[in-house]
1. Using only the alpha-carbon atoms, how far is helix 291-302 inclined from the longest principal axis of the chain? Give it as 0 to 90 degrees, nearest 10.
2. Which angle from 0 to 90°, rounded to the nearest 10, does the C-alpha axis of helix 140-149 make with the longest principal axis of the chain?
3. Computed from the mean reciprocal separation of all distinct C-alpha pairs, what Kirkwood hydrodynamic radius does segment 250-325 have, in Å?
4. Could you pull out the longest piece of the chain with no exposed loop GluC sites (Glu not before Pro) in it, calling a site exposed if DSSP puts it outside H, G, I, E, B and it has at most 16 other Cβ atoms within 10 Å?
5. Which percent of Cα-Cα pairs in segment 52-149 sits in each 5 Å bin, short to long?
6. Express in nm, to one decimal, how much length is gained between Asp34 and Val313 on full extension, taking 0.36 nm for each residue of separation and deducting their alpha carbon distance.
7. Run the helix sum for the chain: -39,500 (n - 2.57) per DSSP H stretch of 4+ residues, divided by residue count, reported at 222 nm to the nearest 500 deg cm²/dmol.
8. Tell me, which cysteines of the chain are without a disulfide-compatible partner by the Cβ under 4.7 Å rule?
Amino acid sequence: MEFSALHEHLDGGLRAKTIIDIATSKNIDLPLDDEKDLENWFFENISTEKNQVFKKFEMTISVMQDTDAIHRVAYEAIEDLVLDGVLYGELRYAPLQHLKEKLSPQQVIDAVSQGVRDGEKDFGGEFHTILCAMRQHQDSTEVAKLAIDNFNNKVIGFDLAGPEYNFPPSLHKDACNLISESDIGLTIHAGEAADISYIEDAVFNCQAQRIGHGWQIIEGCIFKNGQYIPNSKIAQHVLDHEVPLEICISSNVKSGASSVSIDNHPAIKLLKSGFKVTLNSDNRLMAKTKISEEFKKAENYLELDGNLHSQLVKNAIDARFTNLK
Ligand SMILES: [Zn+2]
């Protein structure tokens, strides 16, 4: 099976062993120093709807502050993804969060891109990166410009990440406009922790081509005969224009920022209703998952069958930024 990974955070997918190795060499304190214990620590609930706590990311980002460490994390991500059957991926990260040891943003991007290229060379597949601006900060146009300048250096997309609630996408409209006028693809986290108005804002005001998570599109639908039928302008638009939804079941169930459970996640019902659903892992470490696992969960808990399985694989191919732009 050939998977595409479209919503995959570089700082959410480190190996516990790598965190321990780097932390040890740099005298960074870890809450636990056994690999399995540390994995479990990362897997604990991390946020609530109105207060998404990013402590676990502070930890992973703290060990990604020099070029060797950043290169290693990117390289290992490619190895782990290919081992899971992912032959195409777009890895996202926020370059401005890796400047604590005086790297320049360009050095950060070069280290990630080189790790990705070296990973492709050794393990195969086709991989690109997405640069994230943090929505609680005011530097999104700087990140957008970096993305545009690095279009030929593995960067293929731009994203707004970080705490969603109270930080609507249009706070970053200038950055989104720059991206829309460029060759870079635009995806925005919306409708993960906050309501459907954030999806509306991302699509109508910021021209997002894909939506990160987006499961709360169900608020703009009625549920009838097993299908979600739009009864709002935004849900109708997302359905009609096949706006890809980067759905992350395990992450939603686990993060605490979403009110869904593994038995009632709307991912597959949205797919059956014609929405352009793709399955993603989000954070392989924090959600303790991988893409193949997301498909298994959808089969075991959400009635994903063979035909729908192929549809999901095809949707993710269609939604690659190499195919959307
Ligand atoms: Zn995400």
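All of the numbers you see were taken from the coordinates with simple rules; none came from a lab. All figures in this text were calculated on a predicted structure; none of them were measured in a lab. Cβ atoms come from the backbone with ideal geometry, glycine included; neighbour counts cover every protein chain shown.
1. 30 degrees
2. So the inclination is approximately 80 degrees.
3. About 12.9 Å, per the Kirkwood formula over Cα pairs.
4. Values: sites that count: Glu2, Glu44, Glu49, Glu101, Glu181, Glu242, Glu303.
The reported range is 102-180.
5. Cα pair-distance distribution for segment 52-149, in percent: 2, 13, 23, 23, 20, 13, 5, 1.
6. That works out to 96.8 nm of additional length.
7. On the way: 14 runs with 137 residues, N = 325.
My calculation for the chain gives -12500 deg cm²/dmol from helical runs alone.
8. Cys132, Cys221, Cys248
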